Amino acid sequence: MEFAPVLRSEWLKVRTLRSLPGALLALLAVTTAFSAIAGASDAADPGFDPLFTALSGVIPGQIAAVTFGAMAVSSEFQQGALRLSLAAVPQRGRWFAAKAAVIALPALLVGLGTAFAALLVGRAGLGAAADGLGTGAQVRGVVGCGVYLMLMALFAAGIAALLRSGVATLSLLVPFILVVSFVIGDATGTVADFLPDKAGQLVLRETYDGTLGPWSGLGVTALWTAAALLAGAWSVRHRDA
Amino acid sequence: MTSIDVQDLTKEFGGRRAVDRLTFRVLPGRVTGFLGPNGAGKSTTMRLVLGLDRPTAGSATIGGRPYPALREPLRHVGALLDAQAAHGSRTARDHLRVLAASNRIPDSRVDEVLAETGLASVARRRVRTYSLGMRQRLGIAAALLGDPEVVMLDEPSNGLDPEGIVWIRRLLRRLAAEGRTVLVSSHLMNETASFADHLVVLGRGRLLADTPMRDFIHARVQPRVRIRTTDPGALTSALARHGHAAEEHADGHWTVRDARVDDIGRIASASGVPVLELAAEEGTLEQAYFDLTGAETEFTAQPQEA
């Protein structure tokens, strides 16, 4: 079987399930709203990073990206949906690759748009406090943020394929993102730097210290994502549908 | 000529044998009824044929090729496994368009099968608003999408209204008449008897029978003659004179085993017995099935299939 028809079919699945475009819309709305709030807040903190403050809406907003990735996969594990999909496309590796592609591309594009919008409203709120931000850092922040959101969506997709459940995936990842990283996150220089979300978020900062830089941090997240996708692909290929 | 060939097929789930060294062939041009109690392995066999489950041993092929080797498989094999498989939030039309796209089937064919299954007027409604019968029709529409030579349906009459049951019966007969290979599982005997030409019967994952339906019934159920009279005494003595034994039933009718209706009619007439009713009682598929499965009492109360 050729890849293009499989890709087209998977893309049609994303488009025709209202909740999936809805999750991407939520990503844009939540991130921009929280960035606006953060930008308008007090900037007197000694560790103040104008780029991170402007993009900080991504921290709650990424839950929408994770939900998008998890639901796009978990919709296949409801009732006999997977059997129907794999009867149409018996090459399971190819099928899962198409699934990952139709999660990655919309997440990346909406992620880039979201990052740009968040930076604009965040900077508007910060006013003079953000004047020192260089163009290079801002471009890096927006592009990195888009890639980060795509990686998180794919990470959730891989976990969902492995666990075969959207509920299980979200109850694992949402507390992880909101609580675990938040609590141990301030302790820099520990293994916490290498958590999938913490490492990737370095790209959102103007200044950084520690072992990882913005791109190497994103690389660590990419490794986590690759591992999750491989585990998901293995599960799809080797288990009875 | 596309047949389904199942060869020594075995599938174990955690030590339990769901399918046990099964060998049979489903030929084109006729409807093959796939019978057996719940948990006998019918659905598992279908999943194995579709390459969805991996066999523990043996093989299943379609036209000599394993299912995953088929190029654009929906154009060769159409299957209905679970009517609930369509996502509730999609419209029926979108559900079919998604399937069609993966096998390069044009959208015009989607509208054709929607019309054929009587769903054209509700095609743009979300599947969650559908009744079980409508979902069943949508599942059949999906099976017919690629105009396949092989059609496999798991319990297609489930949830259909009387009109729908007549419709599916005609559809199955037509598909077979067009030369397609049709395998239909069911646990409804009378329903299966109305469309099947051939039977494959499973019990506890093993093959119990693979015969034409008529032969299956005739081999297991003796034909009887049913007769009602106002003068039972005269009837029984007339029959006894010709070596026939009659049994009386609670509602007053009598049955004569191992007899032809022509002979009994002549005997009654020659003896002047007043006859109110006289008919041949053909064996039913249900009787034949219970005769077969009764021998294997162990599977009368099987756990339900997941």
Normalised per residue, the volume of the convex hull around the Cα set of region B:1-112 (Å³): 136
Low-density loop cleavage sites - chymotrypsin sites (Phe, Trp or Tyr not before Pro) in region A:6-107, where at most 15 other Cβ are within 10 Å (DSSP): A:Phe48
Between 0 and 90°, nearest 10: helix B:261-270 axis offset from chain B longest Cα axis: 20
Distance-filtered residues of region A:65-80 - backbone nitrogen under 18 Å, label point 7 angstrom along A:Ala33 Cα→Cβ: A:65-68
Relative contact order (%) - criterion: Cα under 8 Å, at least six apart; region: region B:222-281: 53
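Could you work out the percent of alpha carbon pairs in region B:154-263 separated by over 24 Å, rounded to a whole number? The partial results should precede the final answer.
Numbers: 2984 of 5995 pairs.
So the portion of pairs separated by more than 24 Å is 50 percent.
Just to be sure I understand: if I project the alpha-carbon convex hull of region B:222-281 onto a plane and average over all orientations, what area do I get in nm²?
3.5
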Calculated SAXS-style log₁₀ I(q)/I(0) at q = 0.07 Å⁻¹ - region A:3-238, Debye, Cα scatterers: -0.23
Inter-probe distance in nm under a simple model that places probes 7 Å from Cα toward Cβ, at A:Trp234 and A:Thr207: 4.3
Net dipole in debye of region B:95-182 [+1 Lys, Arg Cβ; -1 Asp, Glu Cβ; about Cα centre; nearest 20]: 260
Given 16 as the ceiling on other Cβ atoms within 10 Å, longest exposed-site-free region of chain B for GluC sites (Glu not before Pro) in DSSP loops: B:1-177
Cα-projected label distance for B:Arg170 with A:Ser41, points at 7 Å along beta-carbon direction, nm: 6.8
Alpha-carbon centroid distance for the pair region A:10-37 / region B:165-182, whole angstrom: 45
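How high is the relative contact order of chain A, in percent, with contacts defined as C-alpha pairs under 8 Å that are six or more residues apart? Walk me through the numbers before you get to the answer.
Details: 379 pairs, mean separation 60.5, N = 241.
Answer for chain A is 25 percent.
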Charge dipole (region B:147-296, unit charges on Cβ, about Cα centre) - positive-most of B:Val200, B:Ser186, B:Val275: B:Val275
All-pairs Cα distance distribution in the protein assembly as shown, expressed in whole percent, bin size 10 Å: 4, 15, 20, 17, 14, 11, 8, 5, 3, 2, 1, 0
Distance between modelled label sites at B:Ser271 and B:Ser131, nm, 7 Å Cα→Cβ extension: 5.2
Inter-part distance where region B:1-42 and region B:233-283 are each reduced to a Cα centre, Å: 43
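Determine the equivalent ellipsoid of chain B by diagonalising the alpha-carbon gyration tensor, then write out the semi-axes as square roots of 5 times the eigenvalues, largest first, rounded to whole Å.
On the way: eigenvalues 392, 109, 56 Å².
They are 44, 23, 17 Å, listed from largest to smallest.
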Charged-residue dipole, Cβ positions (Lys, Arg, Asp, Glu), the protein assembly as shown about Cα centre, Debye nearest 20: 940
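How would A:Lys13, A:Lys198 line up from fewest to most surrounding beta-carbon atoms within 10 angstrom? Walk me through the numbers on the way to the answer.
Numbers: A:Lys13 27, A:Lys198 23.
Going from sparsest to densest Cβ surroundings: A:Lys198, A:Lys13.
Nothing charged except the Cβ atoms of Lys and Arg (+1) and of Asp and Glu (-1): what's the magnitude of the dipole of region B:175-262 about its Cα centre? Round to the nearest 20 debye. Please report the intermediate quantities before stating the final value.
Values: 11 positive and 11 negative charges, 44 e Å.
Roughly 200 debye, rounded to the nearest 20.
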Low-density loop cleavage sites - trypsin sites (Lys or Arg not before Pro) in region B:58-142, where at most 15 other Cβ are within 10 Å (DSSP): B:Arg71, B:Arg124, B:Arg125
Extreme residue, positive dipole direction of chain B, given options B:Thr23, B:Pro212, B:Phe13 (C-beta unit charges): B:Phe13
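Values in this text are rule-based calculations from the coordinates and carry no lab data. All values derive from a computational prediction rather than experimental measurement. FYI the Cβ positions are ideal-geometry reconstructions off the backbone, even for glycines, and counts take in every protein chain you see.
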